[in-house]
Structures are given as structure tokens and as C-alpha cells.
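Here's the structure, in C-alpha cells; my notes come after.
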Amino acid sequence: MIADIGAVGVVGLAVVGLVVVVLLVSLRQMVNIVQQGEVGVVKHLGEYRKTHEPGLVIIQPFIESLQRVDMREIPRPGDRQDVITKDNVVVTVNATIFTQVVDARQALFSIAKFDVAIDALARTALRSVIGTMTLDQALSERERINTDVQEQMEVVTDKWGIRISRIEIIAISPPPKILEALALEKQADQEKRAKILQSEGQQRSAINVAEGEAQASVRKAEGARQAAILRAEGARQSAILEAEGRSQAITTVYSAIKEGEPDPTLVAILQLDALAKFADSDNAKIVVPFESAGLLGAAQTLRSVLAAAPTDGNQP
């Protein structure tokens, strides 16, 4: 009897413990916390019920379930893959895709494992885009690759409620032999450009020298012309001044003579004095006209008379 009571007590404790566990599990399922940057999708017996924003979410235990969906932008590094370009060169491409869920319901119910689907879609889009480009284009037009791949992916991911924020090509690696050939081609191109720049520089230098010499010749000729003009102007001014000086001198002498009213005797004496001054010069040669001979004789006679005449102090 005591054993039966003990067995009943153990069963009762087990039942109580089971009830407690069920209550705890029910409470755990009923009370949920959705973190910032996430949303909670509630399913009622497997069917979509509603989408909860971040915060406290209470659901019916065992009947409803809550699945959290990250709504933040997520970078998805892709694996390195080999892609064939338009000119049949195999290059290794590595890209990072930034995605963001914009519709949690579509992301959960329109595609299974959307993260895996995005990775597979990115591989396909990269092969498609780079397959239409040559190696040179693929190496130099990464921005175009990013844009084209994003456009191709968005056509599909829009139906999944997922947005492709951007795509970044990390590396495009051709085979080593192709890299060596590209390096040699780049070196040859640089040498060619250097020679072209050098020849253009020499040509420009020659042109500058010729232009400088031409300008120097023009300025020299202009300077000579200005100098000749200035010399001619100076000679003209000098001649004008000299003529004006002579004119003024003649006018002054003529005025003085006219004001003095000289008689023939005074004129003869002046002529005699001028001839005497010419005669005193050692290098002077005097040619006397015949008409002046008589005047000269008269002047000499007059001069001797004046010299013999007594001064005012000796007059009686």
C-alpha cells in the first residue's frame, strides 16, 4: 500500500514537471523579441499570417510560429570563378554583392533559400556579361560590368522581394602568360608615346625658336625704323631752329643797321674792317671783285686821314 502511494506520488510529480515544462515551452514560444533591423514573419499552421516590426511579439504557442528576417544590407562575397571573354581568354573573377530584403514575405515564400539563389544568379550574370566583352574591355570597364550584372540580377530578384544595392568587382585575373604579354605591350606603348612626345617637344621647340627669331627681327626692324624717324625728326628740328636763328639774327642786324642810318662812309669803313679781319687769317684766301677795288682804295685813304687827324684833346 505504501509502495502504491509512493508510485502515485512519483507519477504526480512527473506530471507536474511535464506541465511545467510545457508551460515554459509555451511561454517561450508565445513571447518573442524582434531586434532592430529585423522583422518577424508570423505563420499560422504554416500559412502566412502577418509581419511584425521590431519589438515585442506575442503569438499563440504550438499554433503559430515566428521567423525572423534580416532587413539590413548584407554583403555576400562570391567565390572565385573562371569566365571566358569574347576573345576566348579565361579570366578569374571575384565579386562582392550587396543585397537587402525589402519584402520579407516574398523572400520567404517566393524562393527557397534566397541567399543560395542569389549566389547562383550572380555567377550566371557574371558569365553572361563578361562573355560579351574582350579582355581589354573587361580589365578597363569594371564599372560597366558592375552596372550590367546588377541590371540582370534585379530583373529576377525584384520578384523575390530582394534588392541588389550594388556589385563590386574585386579582381579580374588573366593567366600569367597573358599578363606578361600585356606588360610587354604596355611597355612598347609607353616607349612609343615617349618618342612621340619627344618628337612633338622638339618640333614645338623649333617652332618657338623660329617664332622668337622672327619676333626679334621684327622688333629690330621696328627699332631701326623708329631710330631713323627720330634722327630725321631731330635733323628737321635742328634745321628749323638753325633757320629760325639765322632769320632772327638777320632781322636783328638789319633792324640795328636801319635804326643807325649809316652813311656811305660808315659802310665803307665796315667793309674795310671785315676785309682786314679776313686778311689777318693765315689760311684765308681773299678774292676781291674789280668793282670793290675803288671802294677799297677810298677806304684806305679815308682810314689814313682819320689816323692823321688830331684827337679832341689836341685841337686848338
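The values are calculated or read from the model by the stated rules, or taken from the named source; none is laboratory data. As the structure is a computational prediction, the values presented were derived from the model and not from experiment. Please note: Cβ atoms are built from the backbone with ideal geometry, for glycine as well, and neighbour counts cover all protein chains shown.
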Q. Can you tell me which of LYS43, LYS113 is surrounded by 11 or more Cβ atoms within 10 Å (Cβ to Cβ) and either more than 29 Å from GLU141 (Cβ to Cβ) or of a type in the set (Gly, Ala, Ser) (or both)?
A. LYS43
Q: Please state which one of ILE170, ILE196, ILE229, ILE178 is assigned to a strand (DSSP E or B) and β-branched (Val, Ile, Thr).
A: ILE170
Q) Out of curiosity, is THR132 modelled with pLDDT of 90 or more and farther than 30 Å from VAL69 by Cα? A) yes
Q. Of all residues in region 125-139, which are outside any loop (DSSP other than H, G, I, E, B) and surrounded by 14 or more Cβ atoms within 10 Å (Cβ to Cβ)?
A. ALA125, LEU126, ARG127, VAL129, ILE130, LEU135, GLN137, ALA138, LEU139
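Would you please name the residue that is nearest to GLU47 (Cα to Cα), looking only at residues in region 96-150 that are touching a residue at least 60 places away in the same chain (Cβ under 8 Å) and out of contact with any Gly (no Cβ under 8 Å at 6 or more places or on another chain)?
Of everything passing the filter in region 96-150, PHE109 is nearest to GLU47 (Cα to Cα).
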**Q.** Residue among VAL93, VAL102 that is touching a Ser or Thr at 6+ places or on another chain (Cβ under 9 Å) and within 30 Å of GLN152 (Cβ to Cβ)
**A.** VAL93
Q: Just need a number here: residues in region 69-87 that are surrounded by 13 or more Cβ atoms within 10 Å (Cβ to Cβ), in a loop (DSSP other than H, G, I, E, B) and not hydroxyl-bearing (Ser, Thr, Tyr).
A: 4
